[in-house]
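K.L.:
Let me give you the structure first, and then I'll get to my questions.
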Amino acid sequence: MTDTHSAAGPLAGLRDLELADEKGQFCGKLLADLGADVIKIEPPGGEATRRAGPFLDDIPHPDRSLSFWYYNTSKRGITLAIETADGGRLFRELAIGADVILETSKPGRLASLGLDYEALARGNAGLVMCALTPFGQDGPWRDYATADLLHMAAGGEMASCGYDEADAPNAPPIAPGGGNAWHMGGHFAYMAIMAALVHRTVSGRGQYIDASIHEACALTTESAIANYVYRGETLLRQTGRHHAPGPSPRTQFLAKDGTYVCALVAGRLNPKYVQELAALFDAFGFAHDLADPKYRDAKAIAEATSHIIDDLVAGFIASHPAEAIYHAAQDRGFTWAAVRAPEDLLDDGHLRDRGFWKTVEHPELGRSFVYPGEAAIYNGTPWRISRRAPLLGEHNVEIFCGELGLSRGELSVLAESRVI
Amino acid sequence: MTDMKTTPPRRALDGIRVVDFSWVRAGPWATRWLGALGAEIIKIEWPESERGRLPSSTTPKGLEVNLNTSGNFNDTNVNKKSLTLNVRSPRGLEIVKRLIAKSDVVIENFSSRVLSKWGLGYPELAGIKPDIVYVSMSGYGHTGRNHHYTTFGPVAQAASGLTFLSGLPEKPPAGWGWSYMDDTGGMYGAMCALTGLYHRNMTGKGQHIDQSQMVSAVPLNGPALLDFTVNGRGSRRAGFPPGNRAHWPGTPLVGNYRGPTVAPHNAYRTHPGDYNDWCVIVCHSDEEWHRLVGVMGSPGWAGAETFATVAGRLEHQEAIDAGIEAWSLTLGKYELTERCQAAGVRAMPVQSAEDRVENDPQLRHRGMYFEMEHPALGRHKVQNAPFKLSETPAFNHAASPMIGEHTREIVEGLLGMSHEELRAGFDDGTFWPAKRARFAYMEDMLR
């Protein structure tokens, strides 16, 4: 385990029950890595997210999904068929001791099992329960089926992402990769849960939260809604840069090593910026004409924009490796970066300085692996992974016997009846 | 817990005061939500160094572009008060410290270490208010060798690996068409503030939280990173990223970090074929594929035996996608969505901003866009919270502030200074640059 013995996280002492698939596991990871005791409750046989690839050594197995590993760090895991009479009873017992329940089941399912908020809060007035679902608990699309791609379409992400015609003629809108619909929903759900918990510290009372992934995605396109509401504008998709009412100059340039550099130049070109560009080029011995006195004039610079961007900036970047340009440019105050593949980040000195990478032990494998860490450094209470994701049913004995007081015999009976 | 007999506050963060030094997008997006949740947000502004109100590309046509007419600023800064204050003057610094002594949270998104240089670093503020929750939101964070680097969303997205994961094979990365990490950086700022507040209320202890826009993006690539650190497989490989598909035909069968490796899984043109006339369709199983075939009217091509298995569909995506698009072009994207979903097929329209505001029946039902009156901009729709809290609903209660709109209220009301001190502060450049023209509401404030 990663340093479980030192200071506790900011959510230490908080207990969260998680009934969540891909839609909610990231929110649960945030709670768990920040110190909450998150008990992941999976159906017997395991949550569907255990079947998400890639797998360790490409061998599919419920305990080998790297996606499951990543999104379920620091949690404990039990199996329980909550739709059975015994399962429902045990879930209610767990709910009495819970501060938070995070669930992503189809709207109406928990109510049909008698496990809705009203029922569970009867024995626990401080309970905060968050349902994080594709469209929320009501409305015409409530029961629509989804996937990450569907949310990227309906939420507006795709309408803003794609290619310049010159880069990919006739290209469709391109959905951002990585499963970000679940991240967007998870961020807002986390915010709502924490707001309810802060409120509870004052009022003593919990509440129910109905959170919608579609709404979270629809809120996450920066100024697109304002461009429409205030200007009636529809925005163009452009390669690697902002959507815009009309075409804007490119910002992505291929470096010598085949990696792109994102260089925000257009809109910033003034005499001072041009001088700084000249100094950057000089430092690399790259020939240019920016010393010409005409570039002291803003109007002349505006007329030479295409030359400066398409000949000079593009030519400069093409003649050097991306990472070298990134650091040299940033050191001189340019807001530029290499367009790195995720694996390039392992070599990033800044992340190393922040202690970002975490070594997480997988004792059953006799191995440990490097995981990405946290978004922020808390100086009083650490945010960090405390353990690897639970194996299937790993904490059944610890929780059902140790906490709820079942005997091993009762546990065996429940397993044989497929309750756990 | 406090006495249960007291009346519960109406909103989750009633009674919480936030001193908000943030500007542009990420920080203001954070405090917007804390405001919707009921916190009093006091935005510290100075017109000479403003970046957020100006330049504005979202001022309605026909209105003068000035500090109070940016539409995007309005949407990003609802639920806040504005105090104009020259924090870089000794008098301004003293006043802001008095304000912080009466506050719960400080949020700032200046470049790393700027506030420390002004004498407003965490150690100083903890001296004034020991349990202060101090959230710094900067491009690279305050810790680490590149802390001085600067970001805009696209740069943070590029440096963190996010941009790389979006696009078509053999093409440049398509990336994100906006500052996703301004939106998301804002989320983390608000999340950190709430987490710090919860911990403070439970223990009485404040803290400093050093959040970085670039670093916050890296954990969003988790499975891709583990594929490398565990399996040694990087993302620079044939067929990746696979555009809207789960897998690019003719390349090795490797996961895509989005969802199951299935086909169909793509975007298709819809009638009448304009710029945003697209839908997406995904079939997670043979059964879902058979349902889609049924919705399409069971065309002959779709009955081919080779399409009956997921392996066959993955191999023959080009043919399947061409067949689906021939059908999808005959329907509008909303009609197509309704037909597919009624049959249990995963489909959604690609929606522009106009579609979301005007045409999305779900967002309309849920009240996502709500009109608010702004003194300079008039009545416009503003975006609401994506979550409904049963006891303490989050809602927008005030349009964005005109610059300095609440200076008198805060200076005289909250800080107990006299009206004469307020007027003197306007004359000596503490509350407004002495030589800069004042807005009419400022003259009213000074009467």
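K.L.:
Answer with yes or no whether B:Glu358 is charged (D, E, K, R), assigned to a loop (DSSP other than H, G, I, E, B) and within 14 Å of another protein chain (Cβ to nearest Cβ).
P.N.:
No: the conditions fail for B:Glu358.
K.L.:
Just to verify a result, which residue in region A:232-271, among those that are in contact with a Leu (Cβ under 6 Å, 6 or more places away or on another chain) and in contact (Cβ under 8 Å) with a residue 40 or more places away in the chain, is surrounded by the fewest Cβ atoms within 10 Å (Cβ to Cβ)?
P.N.:
That would be A:Tyr260.
K.L.:
Buried (at least 22 other Cβ atoms within 10 Å of the Cβ) and not in a loop (DSSP other than H, G, I, E, B): is that true of B:Ala246 in this structure?
P.N.:
no
K.L.:
Can you find, within region A:112-167, the residue that is surrounded by the most Cβ atoms within 10 Å (Cβ to Cβ) among those that are in a helix (DSSP H, G or I) and more than 9 Å from every other protein chain (Cβ to nearest Cβ)?
P.N.:
A:Leu120
K.L.:
Could you identify the single residue in A:Ser223, A:Ser203 that is over 28 Å from A:Gly35 (Cβ atoms) and at the interface with another protein chain (Cβ under 7 Å from one of its Cβ atoms)?
P.N.:
When all the criteria are applied, what remains is A:Ser223.
K.L.:
Out of all the residues in region B:405-425, is one or more of a type outside the set (A, V, I, L, M, F, W, C), within 7 Å of chain A (Cβ to nearest Cβ), farther than 30 Å from A:Ser203 by Cβ and within 30 Å of the chain's Cα centre (by Cα)?
P.N.:
no
K.L.:
If a residue has to be in contact with a helix residue (DSSP H, G or I) (Cβ under 6 Å, 6 or more places away or on another chain), aliphatic (A, V, I, L, M), at the interface with chain B (Cβ under 7 Å from one of its Cβ atoms) and closer than 24 Å to B:Asn72 by Cα to count, how many in region A:206-220 make the cut?
P.N.:
Total satisfying the criteria: 2.
K.L.:
Follow-up question, since we're still on this one. Return yes when B:Ile16 is crowded, with 16+ Cβ neighbours inside 10 Å, touching a Ser or Thr at 6+ places or on another chain (Cβ under 9 Å), within 11 Å of chain A (Cβ to nearest Cβ) and not aromatic (Phe, Trp, Tyr) and no when it is not.
P.N.:
yes
K.L.:
Which count do you get for residues in region A:170-211 that are of a type outside the set (Val, Ile, Thr), touching a residue at least 12 places away in the same chain (Cβ under 8 Å) and assigned to a helix (DSSP H, G or I)?
P.N.:
15
K.L.:
Continuing with the same structure: Would you confirm, using the coordinates I've provided, whether B:Leu194 is at pLDDT 95 or above, more than 7 Å from chain A (Cβ to nearest Cβ) and under 14 Å from B:Asp104 (Cβ atoms)?
P.N.:
Considered against the rule, which asks whether it is at pLDDT 95 or above, more than 7 Å from chain A (Cβ to nearest Cβ) and under 14 Å from B:Asp104 (Cβ atoms), B:Leu194 comes out as no.
K.L.:
Now a separate question. Return the total of residues in region B:189-232 being farther than 25 Å from B:Arg145 by Cβ, under 14 Å from the mean Cα position of the chain (by Cα) and in contact (Cβ under 8 Å) with a residue 24 or more places away in the chain.
P.N.:
Residues flagged as farther than 25 Å from B:Arg145 by Cβ, under 14 Å from the mean Cα position of the chain (by Cα) and in contact (Cβ under 8 Å) with a residue 24 or more places away in the chain within region B:189-232 amount to 1.
K.L.:
Continuing with this model, one more query. Hey, can you tell me all the residues within region B:366-379 that are surrounded by fewer than 22 Cβ atoms within 10 Å (Cβ to Cβ), hydrophobic (A, V, I, L, M, F, W, C) and either in a loop (DSSP other than H, G, I, E, B) or in contact with a helix residue (DSSP H, G or I) (Cβ under 9 Å, 6 or more places away or on another chain) (or both)?
P.N.:
Residues satisfying the conditions are B:Met372, B:Ala376.
K.L.:
A further question on this structure: Which is more than 10 Å from every other protein chain (Cβ to nearest Cβ) and on the phi > 0 side of the Ramachandran plot, of B:Gly119, B:Gly161, B:Gly167, B:Gly144?
P.N.:
B:Gly119
K.L.:
Considering region B:281-315 alone, what residues qualify as being among the hydrophobic types (A, V, I, L, M, F, W, C) and in a helix (DSSP H, G or I)?
P.N.:
Within region B:281-315, B:Trp289, B:Leu292, B:Val293, B:Val295, B:Trp301, B:Ala302, B:Phe307, B:Val310, B:Ala311, B:Leu314 qualify.
K.L.:
Which residues, counting only those in region B:329-354, are surrounded by 21 or more Cβ atoms within 10 Å (Cβ to Cβ) and under 23 Å from A:Asp210 (Cβ atoms)?
P.N.:
B:Thr337, B:Arg346, B:Met348, B:Gln351 - these are the residues of region B:329-354 that are surrounded by 21 or more Cβ atoms within 10 Å (Cβ to Cβ) and under 23 Å from A:Asp210 (Cβ atoms).
Table: residues versus (1) assigned to a loop (DSSP other than H, G, I, E, B); (2) surrounded by 22 or more Cβ atoms within 10 Å (Cβ to Cβ).
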site: B:Lys381; (1), (2): no, no
site: B:Pro393; (1), (2): yes, no
site: B:Pro401; (1), (2): yes, yes
site: B:Gly404; (1), (2): yes, yes
site: B:Val411; (1), (2): no, yes
site: B:Glu421; (1), (2): no, no
site: B:Gly425; (1), (2): no, yes
site: B:Ala434; (1), (2): yes, no
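K.L.:
Related question: Taking B:Gln351 as meeting all but one of (1) in a helix (DSSP H, G or I); (2) within 29 Å of the chain's Cα centre (by Cα); (3) not β-branched (Val, Ile, Thr), write down the number of the exception.
P.N.:
The single condition B:Gln351 does not satisfy is (1).
K.L.:
If A:Glu103 satisfies every condition in (1) surrounded by fewer than 18 Cβ atoms within 10 Å (Cβ to Cβ); (2) acidic (Asp, Glu); (3) more than 13 Å from chain B (Cβ to nearest Cβ) but one, which is the exception?
P.N.:
If we test A:Glu103 against (1) surrounded by fewer than 18 Cβ atoms within 10 Å (Cβ to Cβ); (2) acidic (Asp, Glu); (3) more than 13 Å from chain B (Cβ to nearest Cβ), just (1) comes out false.
K.L.:
Hey, another quick one. All but one of (1) more than 8 Å from chain A (Cβ to nearest Cβ); (2) under 23 Å from B:Pro223 (Cα atoms) hold for B:Trp176; which doesn't?
P.N.:
(1)
K.L.:
Out of B:Gly186, B:Gly239, I need the residue that is under 20 Å from the mean Cα position of the chain (by Cα), touching a residue at least 40 places away in the same chain (Cβ under 8 Å), outside any strand (DSSP E or B) and more than 7 Å from every other protein chain (Cβ to nearest Cβ). Which one?
P.N.:
That would be B:Gly186, the only listed residue that is under 20 Å from the mean Cα position of the chain (by Cα), touching a residue at least 40 places away in the same chain (Cβ under 8 Å), outside any strand (DSSP E or B) and more than 7 Å from every other protein chain (Cβ to nearest Cβ).
K.L.:
Name the pairs whose Cβ atoms lie under 9 Å apart, with the first residue in region A:27-42 and buried (at least 24 other Cβ atoms within 10 Å of the Cβ), the second in a strand (DSSP E or B) and aromatic (Phe, Trp, Tyr), and 6 or more positions between them or separate chains?
P.N.:
Filtered contacts from region A:27-42: A:Leu34/A:Tyr378.
K.L.:
Ok, one more. Could you list, in sequence order, the residues of region A:328-342 that are farther than 15 Å from A:Lys256 by Cβ and part of a helix (DSSP H, G or I)?
P.N.:
Once the filter is applied, which keeps residues that are farther than 15 Å from A:Lys256 by Cβ and part of a helix (DSSP H, G or I), region A:328-342 yields A:Gln330, A:Asp331, A:Pro342.
K.L.:
Moving to a separate point now. Given the condition without any contact (Cβ under 8 Å) to a residue 24 or more places away in the chain, buried (at least 22 other Cβ atoms within 10 Å of the Cβ) and acidic (Asp, Glu), answer yes or no: does some residue in region A:341-357 qualify?
P.N.:
yes
K.L.:
For region B:250-276, what are the residues that are at negative phi, touching a residue at least 60 places away in the same chain (Cβ under 8 Å) and surrounded by 17 or more Cβ atoms within 10 Å (Cβ to Cβ)?
P.N.:
Within region B:250-276, B:Pro264, B:Ala267, B:Tyr268, B:Arg269, B:Thr270, B:Asn276 meet the criteria.
K.L.:
For region A:226-245, name all the residues that are over 17 Å from A:Leu264 (Cα atoms) and either more than 7 Å from every other protein chain (Cβ to nearest Cβ) or more than 25 Å from the chain's Cα centre (by Cα) (or both).
P.N.:
Once the filter is applied, which keeps residues that are over 17 Å from A:Leu264 (Cα atoms) and either more than 7 Å from every other protein chain (Cβ to nearest Cβ) or more than 25 Å from the chain's Cα centre (by Cα) (or both), region A:226-245 yields A:Asn227, A:Tyr228, A:Val229, A:Tyr230, A:Arg231, A:Gly232, A:Glu233, A:Thr234, A:Leu235, A:Leu236, A:Pro245.
K.L.:
If you don't mind, there's one more thing I want to ask. For region B:237-291, what are the residues that are hydroxyl-bearing (Ser, Thr, Tyr) and either out of contact with any Pro (no Cβ under 6 Å at 6 or more places or on another chain) or at pLDDT below 95 (or both)?
P.N.:
Hits for region B:237-291 are B:Thr251, B:Thr261, B:Tyr268, B:Thr270, B:Tyr275, B:Ser285.
K.L.:
Also, quick follow-up: Output the number of residues of region A:352-369 satisfying the condition of being facing chain B (nearest Cβ under 7 Å) and under 18 Å from the mean Cα position of the chain (by Cα).
P.N.:
1
The values are calculated or read from the model by the stated rules, or taken from the named source; none is laboratory data. The shown structure was predicted, so the numbers you read here are calculated from the model rather than taken from an experiment. Because the Cβ atoms are built from the backbone with ideal geometry, glycine has one as well, and the counts that use them run over all protein chains shown.
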